[in-house]
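The values are calculated or read from the model by the stated rules, or taken from the named source; none is laboratory data. Here the structure is a predicted model, which is why all the values come from computation and not from measurement. Neighbour counts are summed over all protein chains in view; Cβ atoms, including those assigned to glycine, are modelled from backbone coordinates with ideal geometry.
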Ligand SMILES: [Fe+2]
């Protein structure tokens, strides 16, 4: 009875140990300790079977002394023998598999006085082998002893198998992440290639799509958008004019102001962009909608749908402002770029009618931070080019506009 209780306690401990521990090596060491302790066995080792190497690798050993080899190689006959024996304690003299095993490693097993082999077979797969010496008392192993050992072996085998599955999962997860990163890089490259193609077609707006992507990104970041949302809005900026690919080159490249008919042809591009982008499964939300609505205005006088205020997605409002800002600050065939104070004045006049106040405030803040040297990177200033920004003149104008827009004294679309 005493012995039985002891055995049960050991089994319970072992189950707990395997369930609790996050440290595999520690789990194996403790398990071996419990197995040896439960029957007062002096020596033993737990090995794991590596089917690729066709060898047993030592995970933990006790009382074997000296240097252990890194591996015990097994031939297929031995593996078959162990699998056939299944979870049972094999003694040296009587069992066939034991003989096969011993034939190859006779010297090693004899030197370490191993008496018993316990194959760890889980769901028909050999996951390891426990090697055990004799009992401290010198008595032979009884049938009950072997049953106890097999029960413990089952726990340990499952523990090893579980760790393997986890490792495999981790490996797959890492592989998946790499695949995902590759896909993402391909997507980003494709987006940039498209942006370059769009800008190529329209020779007067070289680099426009790229700049709109960057301005949109800066505005969204200033508005506190998450990294992923910021990446998304950059893509929307890069692709906002993709519909221009279906507009005739002559209209895009007209060196004069285009007439009404040409203008309506040109104005097809947001809807065309939506048609091109909406069948694509983008990793970010609403890319196609931002292209569709980047020429809408708060007061409803934009196109293609004449949406007003909150009907226009915030992303489209950001791209719209980035688009206008770049249009005003770069030379076009029929007009030179405006000075930055004129741009600020345009914002003052058109915020609430054309532009969303929140978005204008964000762009102004980001620009002001760069002018005042509050931020390490000077992305907007670099995009605007050297010598364009008269900091002394412009900083107070921007501050003033921000205050005005923030205080809400500015005219809203409804009041206009
Ligand atoms: Fe556009």
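State yes or no: is residue 308 crowded, with 18+ Cβ neighbours inside 10 Å and assigned by TED's automatic domain parsing to the domain that holds residue 401? I'd like the intermediate steps shown before the answer.
On the way: crowded, with 18+ Cβ neighbours inside 10 Å: no; assigned by TED's automatic domain parsing to the domain that holds residue 401: yes.
Considered against the rule, which asks whether it is crowded, with 18+ Cβ neighbours inside 10 Å and assigned by TED's automatic domain parsing to the domain that holds residue 401, residue 308 comes out as no.
Suppose the filter is assigned to a loop (DSSP other than H, G, I, E, B), within 15 Å of the ligand (Cβ to nearest atom) and touching a helix residue (DSSP H, G or I) at 6+ places or on another chain (Cβ under 8 Å); does residue 258 pass it? Reasoning before the result, please.
Numbers: assigned to a loop (DSSP other than H, G, I, E, B): yes; within 15 Å of the ligand (Cβ to nearest atom): yes; touching a helix residue (DSSP H, G or I) at 6+ places or on another chain (Cβ under 8 Å): yes.
Against the criterion (assigned to a loop (DSSP other than H, G, I, E, B), within 15 Å of the ligand (Cβ to nearest atom) and touching a helix residue (DSSP H, G or I) at 6+ places or on another chain (Cβ under 8 Å)), residue 258 qualifies.
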Residue that is within 18 Å of residue 323 (Cβ to Cβ) and assigned to a helix (DSSP H, G or I), where the choices are 167, 210: 210
Only one of 56, 72, 36, 64 is more than 24 Å from residue 124 (Cα to Cα) and either at pLDDT 90 or above or part of a strand (DSSP E or B) (or both); which? 36
Kindly indicate whether residue 157 is in a helix (DSSP H, G or I), at pLDDT 90 or above, surrounded by 10 or more Cβ atoms within 10 Å (Cβ to Cβ) and over 31 Å from the mean Cα position of the chain (by Cα). yes
Which numbered condition residue 229 misses (of (1) away from the ligand (no atom under 13 Å from the Cβ); (2) touching a helix residue (DSSP H, G or I) at 6+ places or on another chain (Cβ under 6 Å); (3) assigned by TED's automatic domain parsing to the domain that holds residue 381): (2)
In this structure, is residue 377 part of a loop (DSSP other than H, G, I, E, B), more than 16 Å from the ligand (Cβ to nearest atom) and over 20 Å from residue 208 (Cβ atoms)? yes
Between residues in region 270-291 that are on the phi > 0 side of the Ramachandran plot and residues that are in a helix (DSSP H, G or I) and crowded, with 18+ Cβ neighbours inside 10 Å, which pairs lie under 9 Å by C-beta distance while being six or more apart or on different chains? 286/232; 286/236; 286/315; 286/316
Taking the conditions exactly as written (at pLDDT 90 or above and assigned by TED's automatic domain parsing to the domain that holds residue 310), does residue 248 satisfy them or not? no
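When you look at residue 87, is it closer than 22 Å to residue 27 by Cα and either modelled with pLDDT under 85 or in a loop (DSSP other than H, G, I, E, B) (or both), yes or no?
yes
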Please verify whether residue 220 is away from the ligand (no atom under 13 Å from the Cβ), part of a helix (DSSP H, G or I), in the same structural domain as residue 282 (by TED's automatic domain parsing) and surrounded by 23 or more Cβ atoms within 10 Å (Cβ to Cβ), treating the condition exactly as stated. yes
If I go through region 234-251 residue by residue, how many of them are more than 17 Å from residue 210 (Cβ to Cβ) and more than 11 Å from the ligand (Cβ to nearest atom)? 5
